[in-house]
Amino acid sequence: MRNTLVVGFGLLLLSAQAALATLIPMHTFAPSLILPIVICLGVTPDVYIVRGAVISFLLGYLLDAFCGNPMGLQTFVMVAAFMLARGAAFRLFPHGPLFSALLTFAMGLVAGFSVLALRAVFEKQSEILMDAPGRTARILFQSAATTGLLSPPIFAAVRRILFSGAASTRGDGRTPRKDERASMASS
């Protein structure tokens, strides 16, 4: 049920972004609202790797469908971002809004460059990277910065979905570790 809620939350964010983009032109500041969800899944120790990869796959597929990208482009990048976040920050990731924003910004740059590189390799019209490298770098930076700024509330919402239940949070608002949840459940 929680997996469906996370995917539904991603769909809600995509729909809201598409609706907002018709009213407010975002141009180079368009965030990737799915990326913080994928990163949050990657750095949450209670999300098993298969579960997180499947949810990342579904979210990437929805993003491909919404953006009109070639099917599989964002799907591949979102699963790769999940795996990278899982491997790089599984135990090293300190919790908090500043760190989630910084990690999302860095991953936004990596994911954006990966999308551009894959499009340049697999599309016949690869003027994406050749057109104006400075402009492309500026767009990647602005989009990653916007994604990083919007990531803390998305992280909080995903954690709330993942850990909804009676004994899901500690007194300080952080999610408990497995051993803490076991002791809370036994008491």
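Which one is farthest from Phe105 (Cα to Cα) among residues in the range 16-43 that are among the hydroxyl-bearing types (Ser, Thr, Tyr) and surrounded by 12 or more Cβ atoms within 10 Å (Cβ to Cβ)?
Going through the qualifying residues, I end up with Thr28.
Being at pLDDT 85 or above and surrounded by 15 or more Cβ atoms within 10 Å (Cβ to Cβ): is that true of Ile154 here?
It is true that Ile154 is at pLDDT 85 or above and surrounded by 15 or more Cβ atoms within 10 Å (Cβ to Cβ).
Can you work out which of the residues in the range 16-36 that are touching a residue at least 40 places away in the same chain (Cβ under 8 Å) and either in contact with an Asp or Glu (Cβ under 9 Å, 6 or more places away or on another chain) or polar (S, T, N, Q) (or both) is nearest to Arg86 (Cα to Cα)?
Among residues in the range 16-36 that are touching a residue at least 40 places away in the same chain (Cβ under 8 Å) and either in contact with an Asp or Glu (Cβ under 9 Å, 6 or more places away or on another chain) or polar (S, T, N, Q) (or both), the one nearest to Arg86 (Cα to Cα) is Ser32.
Go through the range 23-58 and report how many residues are of a type in the set (A, V, I, L, M, F, W, C) and touching a Lys or Arg at 6+ places or on another chain (Cβ under 9 Å).
Of the residues in that region, 6 qualify.
If Ala81 passes every condition in (1) within 21 Å of Leu5 (Cα to Cα); (2) surrounded by fewer than 15 Cβ atoms within 10 Å (Cβ to Cβ); (3) among the small types (Gly, Ala, Ser) but one, which one does it miss?
Failing condition for Ala81: (2).
Among the listed residues Phe163, Phe141, which satisfies the condition of being under 19 Å from Asn3 (Cα atoms) and modelled with pLDDT of 55 or more?
Checking each option against the conditions leaves just Phe163.
The values are calculated or read from the model by the stated rules, or taken from the named source; none is laboratory data. Just so we're clear, the structure is a prediction, and the values are computed from it rather than from any experiment. Using ideal geometry, Cβ is built from the backbone for each residue, glycine included, and neighbour counts are taken over all protein chains shown.
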